[in-house]
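Chemist: Could you have a look at this structure, given as structure tokens, before my questions?
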Amino acid sequence: MKKNAEILEWASMVLNEPLVDVTTIVETPWSSVLKINTGRKFVYLKRVPELIALEANIIHILHDTFHASVPSIIAHNAELNCFLMEDAGKSLRGMLKQKFDTGLLCKAIEQFTELQLAVADRVDVFLEIGVPDWRLNKLPDLYKKIISQKDLLMDDGLSKTEIDALERLSPRVANLCQKLSDYAIKQTIVQPDFNDNNTLIDDTCQNITIIDLGEISISHPFFSLLNCLHQVKKHYAFTENEGTYFRIKEACLKNYMNFESKKNVLDAFETAHVLWFVYNALANDRLMEACGKEKLMPFQSGKRSGTLKSFIAACKAFDEDNFLD
């Protein structure tokens, strides 16, 4: 990734204003976000590795074709893999940490699922620009590729016994993908880290803007929603038996109840929950390729192995639940 001095020079030229102050908001191997104060307004400058530098194009498509509430891009530099965005407001998580508003979070979730549904019949426009095709019919082979990287998996903390278990689960991945495909829920864009922190609220008009769209893929929509629920439990200490959690989960599934019965949607959600760990492993694999093992491992050591261990456990729990049923 290019050094900040180079992209800041470009930003200053584009804005034609002095950069009074620059603050680092995010700095990881896969993303850098700088907040720039020009003295007149705040703007944001984002840069990413070349192999995942799709976000500006994705945002343009979402805005122009689907009229989505996404960041407003000021300028894009394809050579430097960076782009400038207008300020879109405050993080929803920051607001919810001060005072939890279930209705506002549910509104943001429903807005995102409406976008997923709108995109479902036009996924081709994203595949054409290089967005990964991780649809369910592709997942079994992609899974085999991940678990074939035995040295990498062992370096990250998996034992040979666990890798053998993952290999034995390969037919299960194919069966679960087929089971999930049988429901009338179309595949669409999946933001791997859809959550309240990647949702902004404008102070003035209360517009909701979805951000961090560079790593989307085309796959099953529930993978985004499962991540959202996971983050809600993690950051607000909700349990699955609480009424607030039920309301948030209902918001995730509400728009999909138009295509299947409630029972079928819930069944599909449970199936997707098992495959969600496979999806997460793929997302991690993509970052590894884009950033390089040396840069990524210090940030995510054990994450891949933890995800795959969770997949083994999820398969076991899924079998036990269905046996009891």
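The values are calculated or read from the model by the stated rules, or taken from the named source; none is laboratory data. Note that the coordinates shown come from a computational prediction; the quantities given were computed from them, not determined experimentally. Using ideal geometry, Cβ is built from the backbone for each residue, glycine included, and neighbour counts are taken over all protein chains shown.
Chemist: Working only within the range 258-291, note down all residues that are of a type in the set (G, A, S) and under 21 Å from L139 (Cα atoms).
Modeler: Correct list: A268, A272, A281, A283, A290.
Chemist: For T271, only one of the following conditions fails: (1) more than 19 Å from C106 (Cβ to Cβ); (2) in contact with a Pro (Cβ under 8 Å, 6 or more places away or on another chain). What is its number?
Modeler: Evaluating T271 over (1) more than 19 Å from C106 (Cβ to Cβ); (2) in contact with a Pro (Cβ under 8 Å, 6 or more places away or on another chain) leaves (2) as the failure.
Chemist: From T244, T188, which residue is in contact with a Pro (Cβ under 7 Å, 6 or more places away or on another chain), outside the structural domain of L34 (by TED's automatic domain parsing) and in contact (Cβ under 8 Å) with a residue 24 or more places away in the chain?
Modeler: When all the criteria are applied, what remains is T188.
Chemist: Something else about it: Picking from T65, T23, which residue would you name as being β-branched (V, I, T) and over 30 Å from Q116 (Cβ atoms)?
Modeler: Every option except T23 fails the conditions.
Chemist: Search the range 22-47 for residues that are without any contact (Cβ under 8 Å) to a residue 24 or more places away in the chain and pair each with any residue that is of a type in the set (D, E, K, R) when their beta-carbon atoms are under 7 Å apart and the residues are at least 6 apart or on different chains.
Modeler: T23/K35; I25/K35; V33/K46; N37/D21; T38/E17; R40/E17
Chemist: Taking the residues in the range 10-40 that are at pLDDT 95 or above and of a type in the set (D, E, K, R) as candidates, determine which candidate is surrounded by the most Cβ atoms within 10 Å (Cβ to Cβ).
Modeler: Of everything passing the filter in the range 10-40, K35 is surrounded by the most Cβ atoms within 10 Å (Cβ to Cβ).
Chemist: Going residue by residue through the range 32-41, is there one that turns out to be of a type in the set (A, V, I, L, M) and under 23 Å from Q300 (Cβ atoms)?
Modeler: yes
Chemist: Checking I59 against (1) farther than 25 Å from S217 by Cβ; (2) touching a strand residue (DSSP E or B) at 6+ places or on another chain (Cβ under 7 Å), which single condition isn't satisfied?
Modeler: (1)
Chemist: Kindly check whether there is at least one residue in the range 43-59 that is part of a loop (DSSP other than H, G, I, E, B), more than 23 Å from V22 (Cα to Cα) and either modelled with pLDDT under 95 or not small (G, A, S) (or both).
Modeler: The answer is yes, given that some residue of the range 43-59 is part of a loop (DSSP other than H, G, I, E, B), more than 23 Å from V22 (Cα to Cα) and either modelled with pLDDT under 95 or not small (G, A, S) (or both).
Chemist: Check L127, L104, L117 and return the single one that is at pLDDT 95 or above, over 17 Å from the mean Cα position of the chain (by Cα) and assigned by TED's automatic domain parsing to the domain that holds A251.
Modeler: L104
Chemist: What's the total number of residues in the range 231-265 that are exposed (fewer than 14 other Cβ atoms within 10 Å of the Cβ) and not charged (D, E, K, R)?
Modeler: Residues in the range 231-265 being exposed (fewer than 14 other Cβ atoms within 10 Å of the Cβ) and not charged (D, E, K, R): 8 in total.
Chemist: Might you let me know whether the range 65-80 holds any residue that is within 19 Å of the chain's Cα centre (by Cα), within 28 Å of E294 (Cα to Cα), surrounded by 16 or more Cβ atoms within 10 Å (Cβ to Cβ) and of a type in the set (S, T, Y)?
Modeler: For the range 65-80, residues within 19 Å of the chain's Cα centre (by Cα), within 28 Å of E294 (Cα to Cα), surrounded by 16 or more Cβ atoms within 10 Å (Cβ to Cβ) and of a type in the set (S, T, Y): absent.
Chemist: Of all residues in the range 102-136, how many are surrounded by 13 or more Cβ atoms within 10 Å (Cβ to Cβ) and under 26 Å from Y236 (Cα atoms)?
Modeler: 14
Chemist: For E17, indicate whether it is of a type in the set (D, E), assigned to a helix (DSSP H, G or I) and in contact (Cβ under 8 Å) with a residue 12 or more places away in the chain.
Modeler: No.
Chemist: Right, something else. Kindly indicate which of D156, D203 is surrounded by 17 or more Cβ atoms within 10 Å (Cβ to Cβ) and modelled with pLDDT under 95.
Modeler: Of D156, D203, the one residue that is surrounded by 17 or more Cβ atoms within 10 Å (Cβ to Cβ) and modelled with pLDDT under 95 is D156.
Chemist: Could you list, in sequence order, the residues of the range 57-104 that are touching a residue at least 24 places away in the same chain (Cβ under 8 Å) and within 16 Å of R122 (Cβ to Cβ)?
Modeler: Result: N57, I58, I59, I61, L62, T65, F66, A68, V70.
Chemist: Name the single residue that is surrounded by the most Cβ atoms within 10 Å (Cβ to Cβ) among those in the range 45-64 being in contact with a helix residue (DSSP H, G or I) (Cβ under 8 Å, 6 or more places away or on another chain) and under 20 Å from K35 (Cα atoms).
Modeler: The residue in question is L45.
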